[in-house]
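Beneath this line is the structure, given in structure tokens, with notes to follow.
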Amino acid sequence: MATAAAHQAYGTTEDTADTGAYERAFDAAVAADERIEPRDWMPDAYRATLVRQMAQHAHSEIIGMQPEANWITRAPSLRRKAILMAKVQDEAGHGLYLYSAAETLGTSRDELLDKLHSGRQKYSSIFNYPTLTWADVGAIGWLVDGAAITNQVPLCRCSYGPYARAMVRICKEESFHQRQGYELLLALGRGTPEQHAMAQDAVNRWWWPSLMMFGPPDDESAHSAQSMTWKIKRHSNDELRQRFVDICVPQAESLGLTLPDPDLRWNEERGHYDFGPIDWTEFKEVLKGNGPCNEQRLTQRRRAHEEGAWVRESAAAYAARHTSRTDGASKPGETGATRA
Amino acid sequence: MTNTDWPLWEVFVRSRRGLSHTHAGSLHAPDAEFALRNARDLYTRRGEGVSIWVVPSSAITASSPDEKDPFFEPAADKPYRHPTFYEIPEGVKHL
Ligand SMILES: [Fe+2]
Ligand SMILES: [Fe+2]
């Protein structure tokens, strides 16, 4: 084949005569830290792993809009409201970057959304917790976006080109998210005793779920080893979790807030903070669908999709009519509608 | 659940005057006009661009990766196309 569309995926293993040579080229490219691009040959399992991870990542971005959007109408000032709207809009954008990147692997947007809506693909369990007070917006920005950044910065060097490029764009935008959250908590922490207590309560509730965002411990992480070999992942879950804890402890001190872990202390020998055990039962329950907001998040997502159907349909109808008019070749039966 | 298959568009953004348009990513839109608006909202929320091109993805013709070597080979054996190929005595200036 001489030419093909830019996004057309290369054939799967079955189509190729000499898989061995392709596989060696793929392995060599990954080993040399080169990027794999959409139309390169890649192992089916590599493609499937990427689709699963990128879809889950994209779903997390758009589901993640919900807990924060919950506070847009009740933001305490116009400044905070404008910031929060920009932040939530960014998360929509992150979802779109990632869906586009996932589509380069041969899946369609509709297919991905269907899988989210039917529960066949997951999103980050962190978004199944409720945002009870305004301070939660700050705690999410600082801790949840903070944990996301720790996870995502190494993904900017992921072996799959479109994913890595999407992550570069996302990481640039995330730093505003984290800083606005931190500033929000700082304002509350320095406010009235009630405001300080509200900030502390939010941090207490979001701390442990944020640590769970890095995924199960290394010895229980099903896909980690293979993903590391493929350079989709660059650091282990526990390594990134430790990095996040080390970053957060001094930041909490500057906020004048504490982290809800009695075992948290500096370990001179390791050069890291020790921290207490994570409740993985809770993590598994939330993942299984038994978190406080699982039902609500999916219902809301499906409803938004259904209620937006008429917009998508009318835009498509307008485009079809417009195109047929400019082409000067309207299809049979369309003329009447055009004049109506 | 109703889905509407909007076509895919490739987005190219000129970040400032004097530079060429660079591929920024892709998006779905029903037509070119919407594609432009969506591209503005998606890829230039922080003033990343002064001009946007949108192109239907299906209109792009790409070279095929498996013919990479023969396709680009003609360039490989022509080192004399590079300035470093030529030896110039030391001390000769502005060359
Ligand atoms: Fe995000
Ligand atoms: Fe974010």
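Here are the numbers for the structure shown:
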| read-out | value |
| --- | --- |
| Other-chain or far-sequence residues with amide H under 5 Å of B:Gly25's (modelled H) | B:Val11 |
| Positive minus negative residues near A:Thr150 (Lys, Arg vs Asp, Glu; Cβ under 11 Å) | -2 |
| Rg/Rg_globular for the protein assembly as shown, with Rg_globular taken as 2.2 N^0.38 Å and Rg from C-alpha atoms | 1.13 |
| Kirkwood estimate for chain B, i.e. one over the average of 1/r between Cα atoms, Å | 17.2 |
| Table column - 3J(HN,Hα) (Hz), the stretch A:113-126, Karplus curve with 6.51, -1.76, 1.60, x for Gly and Pro | 5, 4, 5, 5, 5, 9, x, 7, 10, 9, 10, 4, 5, 4 |
| Cβ-derived FRET efficiency at R0 25 Å, A:Arg265 paired with A:Asp33, nearest 0.05 | 0.10 |
| Ascending count of other beta-carbon atoms within 10 Å, so fewest first, for A:Asp40, A:Asp136 | A:Asp40, A:Asp136 |
| Aspartates and glutamates whose Cα lies under 17 Å from that of A:Lys231, excluding same-chain neighbours fewer than 8 positions away | A:Glu23, A:Asp27, A:Asp33, A:Glu34, A:Glu37, A:Asp40, A:Asp44, A:Asp218, A:Glu239 |
| Under 15 Å from A:Lys81, Cα to Cα: aspartates and glutamates that are on another chain or at least 8 residues apart | A:Glu68, A:Asp90, A:Asp136, A:Glu183 |
| Lysines with Cα under 20 Å of B:Lys78, excluding same-chain neighbours fewer than 8 positions away | B:Lys68 |
| The stretch B:8-81: relative contact order as a whole-number percent, Cα under 8 Å and 6+ apart | 34 |
| Mean separation of Cα contacts under 8 Å, 6 or more apart, over the residue count of chain A: relative contact order % | 16 |
| Restricting the stretch B:31-95 to GluC sites (Glu not before Pro) in coil, as DSSP defines it, with at most 12 other Cβ within 10 Å | B:Glu87, B:Glu90 |
| In the stretch A:265-317, trypsin sites (Lys or Arg not before Pro) in a DSSP loop with at most 14 other beta-carbon atoms within 10 Å | A:Arg270 |
| Rounded to whole Hz, the Karplus (6.51, -1.76, 1.60) HN-Hα couplings of the stretch B:49-61, x for glycine and proline | x, 10, 7, 10, 10, 10, 10, x, 4, 5, 8, 8, 9 |
| Per-residue mean of C-beta atoms belonging to partner chains within 10 Å, peptide A:307-315 | 3 |
| Loop-located trypsin sites (Lys or Arg not before Pro) in the stretch A:84-146 whose Cβ has at most 12 other Cβ within 10 Å (DSSP) | A:Arg120 |
| Greater than 20 Å apart at Cα, pairs in A:Lys87/A:Lys233; A:Lys87/A:Lys172; A:Lys172/A:Lys284 | A:Lys87/A:Lys233; A:Lys172/A:Lys284 |
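Taken together, the values in this text are just the output of simple stated rules run on the coordinates, not laboratory data. None of these values were measured; they are calculated from a predicted model. As a convention, Cβ positions derive from the backbone with ideal geometry for all residues, glycine included, and neighbour counts pool all protein chains shown.
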